[in-house]
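Only one structure is covered here, and it is reproduced in the block below.
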Amino acid sequence: MSDVAAVLPPMYTLIHTDPRFYIISKLPGVSFHREGEEAGLMEGLRAGLADEALWPVHRLDRMTSGLLVVARSAAVAAALSVAFAGREVEKVYLALSERKPQKKQGWIKGDMEKGRGGAWRLCPSQLKPAVTRFSTESVAPGLRLFVLRPQTGRTHQLRVAMKSLSAPILGDALYGGSPADRGYLHAYALSFMLEGERHAFVCPPEAGELFGSDAFAAALLRIGAVWA
């Protein structure tokens with residue numbers, strides 16, 4: 001670990017090292033890029049991994065924790081970017097809401113447009129829709145686990161999708177979620193092909209009082225394998 005990394009706050013957990021990429025789990029509350037005096041995730045990665053040759057392939061919101069792949073060369077970054085753009089990467093997210101959804105499983109589809117205050121909204125039109133498949137599982141009375149499988153990668157897509165179900169994510173104030181110790185959205189599983197080889201990773205959430213509960217652990221077991 002570099003001297004710079006030693007003075008940075010915890011930002012991530014290293015999940016897997018490959019000569020071509022790293023898999024990390026981002027902690028909640030960490031921005032991807034520097035914000036004023038606050039260091040960003042990429043700065044923390046370069047310092048903590050002692051590796052300046054890193055290329056981001058995709059991103060997570062500040063409130064969202066979980067799996068990210070970071071390329072170790074421009075060529076690998078280009079190949080993975082093509083896979084993401086071509087919807088060849090499978091992603092599974094976990095979210096918690098204390099509100100009952102309009103439906104318990106299915107699809108959320110619609111165009112997205114900017115609203116007020118940095119928020120986005122889902123539209124009924126289908127010109128270039130954001131697409132998410134979801135299912136739900138009871139955690140405890142008044143608390144549900146949502147398993148979200150985005151088929152596209154729009155800004156705030158899952159947060160907007162949850163609001164459209166009348167079940168905003170717990171802790172997501174921007175979209176009407178009730179106050180909580182964190183925004184309860186986590187990138188749980190990631191699968192992709194690279195050079196003819198399939199790579200698949202699963203990482204349960206590390207932070208959050210509700211994510212650490214026995215009831216949540218039991219609900220996660222009931223979900224079973226995430227890969228279809």
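We did not get these values from a lab; they are worked out from the coordinates using the rules stated. All of these numbers come straight from a predicted model, not from anything done at the bench. FYI the Cβ positions are ideal-geometry reconstructions off the backbone, even for glycines, and counts take in every protein chain you see.
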Among 37, 98, 113, residue whose mean-square fluctuation peaks in a GNM of the chain (springs only between Cα atoms under 10 Å)
37
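Roughly how many debye, to the nearest 20, is the charge dipole of the stretch 17-57 about its Cα centre, given +1 on each Lys and Arg Cβ, -1 on each Asp and Glu Cβ, and no other charges?
Dipole magnitude for the stretch 17-57 comes out near 160 debye.
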Spatially close lysines, pair count over the chain: Cα under 13 Å, gap of eight or more or interchain
4
The stretch 60-75 - phi-based ³J(HN,Hα) in whole Hz, Karplus 6.51/-1.76/1.60, Gly and Pro as x:
10, 4, 4, 6, 8, 9, x, 6, 9, 9, 10, 6, 9, 7, 5, 5
Sort 150-159, 10-19 by packing, meaning the average of other beta carbons within 10 Å per residue, with the highest value first.
150-159, 10-19
Taking amide hydrogens as modeled 1.01 Å from N in the peptide plane, which residues meet the under 5 Å criterion relative to residue 152, leaving out close sequence neighbours?
131
Starting from the amide H of residue 32, placed 1.01 Å from N in the peptide plane, find each other amide H under 5 Å away whose residue is 5 or more places distant or on another chain.
41
As I understand it, the dipole of the chain uses +1 on the Cβ of Lys and Arg and -1 on the Cβ of Asp and Glu, about the Cα centre. Which of 110, 203, 183 lies farthest toward its positive end?
110
Looking at the square roots a ≥ b ≥ c of the eigenvalues of the Cα gyration tensor of the stretch 1-98, which shape do they give, rounded for a/c under 1.5, prolate if a/b is larger than b/c, or oblate?
oblate
Classify the stretch 134-228: rounded, prolate or oblate, from the alpha-carbon gyration tensor (a ≥ b ≥ c, eigenvalue square roots; a/c under 1.5 rounded; otherwise prolate if a/b is larger than b/c)?
oblate
Note, ³J(HN,Hα) from phi for the stretch 44-55, Karplus 6.51, -1.76, 1.60, rounded to Hz, x at Gly and Pro:
x, 5, 4, 6, x, 8, 6, 9, 7, 8, 10, 10
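Given an 8 Å cut-off on Cα distances and at least 6 residues of separation, report the relative contact order of the stretch 12-139 as a percent.
The value is 18 percent.
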Per-residue HN-Hα couplings for the stretch 153-167 [Karplus 6.51, -1.76, 1.60; θ = phi - 60°; Hz; x = Gly/Pro]
x, 7, 4, 6, 3, 6, 5, 5, 4, 5, 4, 5, 8, 6, 9
Using the Cα centre as the reference, give the magnitude of the dipole from point charges on the C-beta atoms of the chain (Lys, Arg: +1; Asp, Glu: -1; all else neutral), rounded to the nearest 20 debye.
1200
Rounded to the nearest Å, the spacing of the alpha-carbon centers of the stretch 178-228 and the stretch 128-146 is 13
Give or take rounding to whole Å, what are the principal axis extents of the alpha carbon atoms in the stretch 63-194, in descending order?
47, 32, 28
